[in-house]
Amino acid sequence: MILALTEEPQSSRAWSAGAKGEQVVARSLAKWSRDHVRVLHDRRIPGTKANIDHIAVAPTGVYVIDAKRYTGRPDLKVEGGILRPRSFTLTVGGRDSTRLVAGVRGQVELVAAALAPSYPEARVRGMLCFVDADWPLVGGAFSIHEVDVLWPKKAAQLLNRDGALTAGQVDEIHRRVATAFPIA
């Protein structure tokens, strides 16, 4: 009875918003990606309760895509340099969100490890794809610690580039990734 009379918990609201962000990214990739791009959605990380939002296989490599439905402007802050070590911070709407980069990098390592026995040369890279963010009209996308920070249409543009992998190799890698990371 208490649950029926109280508001929805914050964790449930966050999960719902995240799921909507994943759906937006999935639809965008389907709409803007060329035929030679293969995308897997909502893949389970074996042995955990965690999932990977999207894994795309394209001629340029394999991309682990984490969809985020955040408001505010994603920005890269660079501090330090000549007299002190250089540091990089991802902020969204002024809030430090660098932990998101570490999360994607961990997922990238898992996908690379799954591919290493059969495809050790496969390039695996991360993407943080922000839905509902305040992107500028010009520029905006950037990379931090080998993770691309961008919006759905820009992600599709990067996936559509020509690369070294043939259509057959894209299909083979897609099957391997689908086997290693089953549907959540």
Each label point is 7 Å from the Cα along the Cα-to-Cβ direction; what then is the distance between the points at residue 161 and residue 146, in nm? 1.5 nm
If packing is taken as the average count of other Cβ atoms within 10 Å, what order do 142-148, 113-119 fall into, highest mean first? 142-148, 113-119
Test item: Cα-centred dipole of the chain, Lys/Arg +1 and Asp/Glu -1 on Cβ, debye: 80 debye
Given the peptides 22-29, 97-104, arrange them by the average over their residues of other C-beta atoms within 10 Å, most packed first. 22-29, 97-104
Mean Kyte-Doolittle of at least 0.5 and a Cα length of 24 Å or more along the axis: which whole DSSP H helices of the chain meet both? 99-115
Among 124, 159, 135, which residue has its Cα positioned farthest towards the positive end of the charge dipole of the range 35-180, with +1 placed on the Cβ of Lys and Arg, -1 on the Cβ of Asp and Glu, and the dipole taken about the Cα centre? 135
For the range 120-131, 3J(HN,Hα) per residue [Karplus equation, 6.51 cos²θ - 1.76 cosθ + 1.60, θ = phi - 60°, Hz, x = Gly/Pro]: x, 8, 5, 7, 10, 9, x, 9, 9, 10, 8, 9
Under a point spin-label approximation (7 Å from Cα along Cα-to-Cβ), what is the residue 121-residue 79 distance to one decimal in nm? 4.3 nm
Output ³J(HN,Hα) for the range 145-150: one whole-Hz value per residue in order, computed from phi by the Karplus curve 6.51 cos²θ - 1.76 cosθ + 1.60 with θ = phi - 60°, and x for Gly and Pro. 6, 6, 10, 7, 10, 7
With 10 angstrom as the radius, rank 36, 41 by how many other C-beta atoms surround their C-beta, starting from the fewest. 36, 41
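Laboratory data are not the source of any read-out in this text; all were calculated from the coordinates shown. In this text the structure is predicted, and so the values were computed from the model without any measurement. Cβ atoms come from the backbone with ideal geometry, glycine included; neighbour counts cover every protein chain shown.
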